[in-house]
């Protein structure tokens, strides 16, 4: 008899028990074969009956003997330890009914979903690495050392206005009587500024709007005034377009652009950077119940949903963080081309409608109209 293993099972007795099971099955099969064959041909009926009974009793004794041997060996096998890990064989005791234990199907679905998510994430990562979508001036990919330096130019300080006292004096007197050249290659702020000048661009005559006064948004002087000035200039550029500017949150500007009687566009801005655009029909409601612009709900018409997607693509195309006013003007120029959304045919197929939709795509350079499938 082999030694009992650490798991508490006698392997030799286990093997003998399997052999005893096979012998028991064979003896039971012989019993049924005896009943099937019946009494064999003998000379007399009494001889046939005696031979059948003797053969049947021998088979029953064999079954009884094999059953007793199996019971004896089963007691020698032993009981397995409770700490023994069953691994995957422990799953055999689970209920196989699918509605009661849907664990397997759920795990399989989660596994497929995670694989698909990883695959699409890899594709998106490859596309984003090919096309940089950074829209912030301080997040440009080129470092300061590798960035090409601008050619140094000489800028002359403007004369001091009457009643304006400088904060400090140089060794040669106040700077109202002298012209100090300032190199703007690596644009540095002058140390001597007038008391009433809040922006250093005013001191060197480099403000963006010299006629209307200081309007440098990045220096924190008065950015709201600069944004309003840029939007008002764009509004005057396009007579077909009406721009209504509001600040419901107090800081970021929101524009409601009405293009003729064709469509309305909600533009959400952060300073002069456009964050989000939603295009809706001219007769659609663009306000919520509390009277604010609805920046979340989509249009009820598929054509304007397509234009919204194209407008989001245009925001990523027109990107120039150093000159955000040019970006806004370029985007509004591109948006103005939708004044003939339902009148211009496709420049490739020449049709006005395709799958029930007009040509919703506008080329970023030529502003020509194309269907979504014809532009590729």
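Some observations on this one:
- Residue within segment 262-272 that is in the same structural domain as residue 338 (by TED's automatic domain parsing), loosely packed, with under 14 Cβ neighbours inside 10 Å, more than 30 Å from the chain's Cα centre (by Cα) and more than 19 Å from residue 315 (Cα to Cα) present: no
- Sole residue being modelled with pLDDT under 75 and within 60 Å of the chain's Cα centre (by Cα), chosen from 83, 10, 41: 83
- Qualifying position, being modelled with pLDDT of 65 or more, out of contact with any strand residue (DSSP E or B) (no Cβ under 8 Å at 6 or more places or on another chain), within 30 Å of residue 360 (Cβ to Cβ) and buried (at least 18 other Cβ atoms within 10 Å of the Cβ), among 279, 230: 230
- Segment 346-362: number of residues that are part of a loop (DSSP other than H, G, I, E, B) and either in contact with a strand residue (DSSP E or B) (Cβ under 7 Å, 6 or more places away or on another chain) or closer than 17 Å to residue 260 by Cα (or both): 5
- Among the residues of this structure, residue 17 does not count as one that is within 30 Å of residue 76 (Cβ to Cβ) and either in contact with a strand residue (DSSP E or B) (Cβ under 6 Å, 6 or more places away or on another chain) or modelled with pLDDT under 75 (or both).
- For segment 319-328, the set of residues classified as surrounded by fewer than 18 Cβ atoms within 10 Å (Cβ to Cβ) and at pLDDT 90 or above consists of 326 only.
- Selection within segment 253-293 - free of Cβ contacts under 8 Å to residues at least 24 places away in the same chain and within 20 Å of residue 323 (Cβ to Cβ): 267, 270, 275
- Residue satisfying condition, being assigned to a strand (DSSP E or B) and either out of contact with any helix residue (DSSP H, G or I) (no Cβ under 6 Å at 6 or more places or on another chain) or surrounded by 16 or more Cβ atoms within 10 Å (Cβ to Cβ) (or both), within set 243, 295: 243
- Filter result for residue 367 (within 26 Å of residue 266 (Cα to Cα), at pLDDT 90 or above and surrounded by 15 or more Cβ atoms within 10 Å (Cβ to Cβ)): no
- Of the residues making up segment 306-332, those that are in a helix (DSSP H, G or I), free of Cβ contacts under 8 Å to residues at least 40 places away in the same chain and either in contact with a strand residue (DSSP E or B) (Cβ under 8 Å, 6 or more places away or on another chain) or closer than 24 Å to residue 236 by Cα (or both) are 308, 312, 326, 330.
The values are calculated or read from the model by the stated rules, or taken from the named source; none is laboratory data. Predicted, not measured: the structure shown is a model, and the values here were computed from it. Don't worry about glycine lacking a Cβ; one is built from the backbone with ideal geometry, like all the others, and counts go over all protein chains shown.
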